[in-house]
Amino acid sequence: CSSLTQITIPSSVTEIGDSAFRGCSSLKQITIPSYVKIIGSSAFSGCSSLTQITIPSKVTKFGSYAFSGCSSLTQITIPSSVTEIGDSAFRGCSSLKQITIPSYVKIIGSSAFSGCSSLTQITIPSKVTKFGSYAFSGCSSLTQITIPSSVTEIGSSAFSGCSSLTQITIPSS
């Protein structure tokens, strides 16, 4: 579906399945209905023209690679209902400048923000207990990060390639 530029999903839809819009490289706009609870793995992977997306407040989970390769995505709002950011969820979102992780997120998966080279700031909520491997690798514009005391595990190479990182605070936990 590389020529598809816009889509409106009916309000009766509650789940966007795995790879549903994968590779829709011309897709610029999409409206996700408010009743959607699950966004599957690779659902929007490779939607390189998508600039903005709002995830509905009922979504509790989005799968691995859900938005990976959305290289034009500059802004995303993650609702407070989300408790886990899946592996490689935003991998390669090179235009993403800012993201707020909701306060109920407990796990940031492996490579979740890997390659988000325009990301300058990120706030890690106090309930996060784990960063997966390569979670922020390649975030070359990230200048500082504070890790909350709730974190008990930081995966290997979590901050590799963060060449602008000048300050990091790691708790004793």
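The values are calculated or read from the model by the stated rules, or taken from the named source; none is laboratory data. Everything numeric here is computed off the predicted structure, so don't read it as measured data. Cβ: placed from backbone, ideal geometry, glycine included. Neighbour counts: every protein chain shown. The protein model used for the area step is the full one, side chains on, heavy atoms only, and it has no ligands, DNA or RNA in it. Shrake-Rupley method; radii C 1.70, N 1.55, O 1.52, S 1.80 Å.
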Please report, as a whole percent, how much of the solvent-accessible surface of the chain comes from carbon and sulfur atoms (probe radius 1.4 Å). 45
Expected vector for segment 109-119, Karplus 3J(HN,Hα) from phi with 6.51, -1.76, 1.60 and θ = phi - 60°, integer Hz, x for Gly and Pro, equals x, 4, 6, 3, 10, 4, x, 7, 5, 9, 5
Distant-in-sequence amide H partners of Gly161 (H built 1.01 Å from N, under 5 Å): Gly138
What is the sum of charges around Ser111, taking Lys and Arg as +1, Asp and Glu as -1, for the other residues whose C-beta is under 15 Å from the C-beta of Ser111? 0
If you build a Gaussian network model of the chain, linking Cα atoms that sit under 10 Å apart, which residue out of Ile101, Ile39, Ile30 swings the most? Ile30
Name the aspartates and glutamates eligible as straight-distance cross-link partners of Lys61: C-alpha to C-alpha under 20 Å, and not fewer than 8 places from it in the same chain. Glu15, Asp18, Glu84, Asp87
Per residue value of the accessible surface for the chain (all protein chains in place, 1.4 Å probe), Å²: 46
Residue-by-residue Karplus 3J(HN,Hα) for segment 84-97, coefficients 6.51, -1.76, 1.60, Hz, glycine and proline x: 9, 9, x, 4, 6, 3, 10, 4, x, 7, 5, 9, 5, 9
Enter the mean projected area of the convex hull around the alpha-carbon atoms of the chain, in nm², rounded to one decimal. 8.3
Plugging the Cβ-Cβ distance of Ser150 and Ser95 into 1/(1 + (r/R0)^6) at R0 = 35 Å yields, to the nearest 0.05, a FRET efficiency of 0.70
Measure of size requested: the Rg and Dmax of segment 1-103, with Cα atoms as the atom set and Å as the unit; please supply both. 12.1, 37
Please work out the FRET efficiency for the pair Thr8 and Ser72, using the Cβ-Cβ distance as r and a Förster radius of 25 Å; give the result to the nearest 0.05. 0.80
Output for segment 54-110: trypsin sites (Lys or Arg not before Pro) sitting in coil per DSSP, at most 12 other Cβ within 10 Å, listed by number, reads none
